Structure formats: C-alpha cells, structure tokens
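Below: the structure, in structure tokens.
The values are calculated or read from the model by the stated rules, or taken from the named source; none is laboratory data. All of these numbers come straight from a predicted model, not from anything done at the bench. Here the Cβ positions follow ideal geometry from the backbone for every residue, glycine too, while neighbour counts run over all protein chains shown.
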Amino acid sequence: MADVPPVVPAAALPTSRLALWSLVLGCLAVALLIVCVGPVFAIPAVVCGHMAFGRIKRSNGLLGGEGMALAGLITGYVSLGLSVILIPLLGAIALPNFVKARHTAQQNACINNLRMIDGAKQSLALEKSKTADDEPTGSELTPYLRMSFNQLRCPEGGTYAIGKIGRLPTCSIPNHRLPAPSGPDFQAETQ
C-alpha cells in the first residue's frame, strides 16, 4: 500500500468581526430582554448580522463567519419579536402595582400625620389640663409638633380636622383614618 500523504488542514478563514459582534449583541439582547433593555442590543445585532452577511458574500470565500452572523440575526430578531410582546405585558402587570403602592404610601403618610396630630393633642391635654370635650386649634398644637400645624398636608389633598381632645383627628379622604384605640376613656369617632 502506498503511503498516503498527510492531510494538511485548509487555512482557517478569518472570521468577520461584524459576525462576531452580531452574535454577541444578539445573545445580550436575549439575556437582557427580561429587564426590558433587550431591544437596545437587538437592533445593533440585526444591523451587524446583515452587514456581516453582505461582507462575507462579497469576499468570494475569503471571509468566514456566516454561522455567527446567522445566529446573531436570529437572536436579534427573536429578541425584537419577544420585546413587542413582553415589554407591554410587563408594563400591564407592573403599572397597577406601582399605582397601588403609591396610594398605600400616601395613605400611610397621611395616617402618620394624623398620629402626630393626635400625639400633640394628648400632650397639650396633659400639659394644659384640657378635658376630653375641649377642641384645640392648630396654633395650640404647633408647639407639640415637629412643624407648624399648617404645614401638615395629606399627600392626596385631603384636609385635616383636629376635633375634640377625646376624639381622633380625621382626614377628609375616606380611608385615611387612625385605627380606634380601645379603652373606657376614649370615644371612637363615628362617621
């Protein structure tokens, strides 16, 4: 048997850098789709993929990387397609939750203001020997607050009513109210 000459591997074709970038950007686009920035990487991935295919075709076999360019195009287009569906879907889920969280935070801020007013009323009653039927003014409460009574604002635009010493202060917004404490000395506010 005759000796078979050793097989010399063909010189590796240089890979198109645009094809490599298309693949990298396409993978980043798919990976970052869940945080809604996938399209920022998908569009350059598609552009680089098309440019890489054009350069590889015009090189007459002297430039490689068609597979990378194709993979970059596929991942870029998939990311763009999914972003058309996922980003509005995530927005539809998240927006009502943000609105609810904002409303809850505003309600809690108002209730904290009502607590400060009630604490100031109780401090005033102890210091000035006021009875449960006395109704203090905002200027009487100011020394017992961290700020002027007139600076206290309901975040949703409600107005505060101080009320009598023996009753809880109220806000004009219906759900903004202090929980009624229990005990024989306290009269619950009826609405």
Residue in the range 1-15 that is surrounded by fewer than 17 Cβ atoms within 10 Å (Cβ to Cβ), aliphatic (A, V, I, L, M) and either touching a residue at least 24 places away in the same chain (Cβ under 8 Å) or assigned to a strand (DSSP E or B) (or both) present: yes
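Matching residues to (1) of a type in the set (Asp, Glu); (2) modelled with pLDDT under 90; (3) more than 30 Å from residue 32 (Cα to Cα):
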| position | (1), (2), (3) |
| --- | --- |
| 80 | no, no, no |
| 83 | no, no, no |
| 87 | no, yes, no |
| 98 | no, no, no |
| 105 | no, no, yes |
| 124 | no, no, yes |
| 140 | yes, no, yes |
| 145 | no, no, yes |
| 160 | no, no, yes |
Residue check for residue 146: touching a strand residue (DSSP E or B) at 6+ places or on another chain (Cβ under 9 Å), of a type in the set (Lys, Arg) and assigned by TED's automatic domain parsing to the domain that holds residue 103: no
Selection within the range 100-123 - β-branched (Val, Ile, Thr) and either crowded, with 18+ Cβ neighbours inside 10 Å or assigned by TED's automatic domain parsing to the domain that holds residue 32 (or both): 117
Sole exception among (1) of a type in the set (A, V, I, L, M, F, W, C); (2) touching a residue at least 60 places away in the same chain (Cβ under 8 Å); (3) touching a helix residue (DSSP H, G or I) at 6+ places or on another chain (Cβ under 6 Å) for residue 114, by number: (3)
Test result for residue 25, touching a Phe, Trp or Tyr at 6+ places or on another chain (Cβ under 9 Å), assigned to a helix (DSSP H, G or I) and surrounded by 17 or more Cβ atoms within 10 Å (Cβ to Cβ): yes
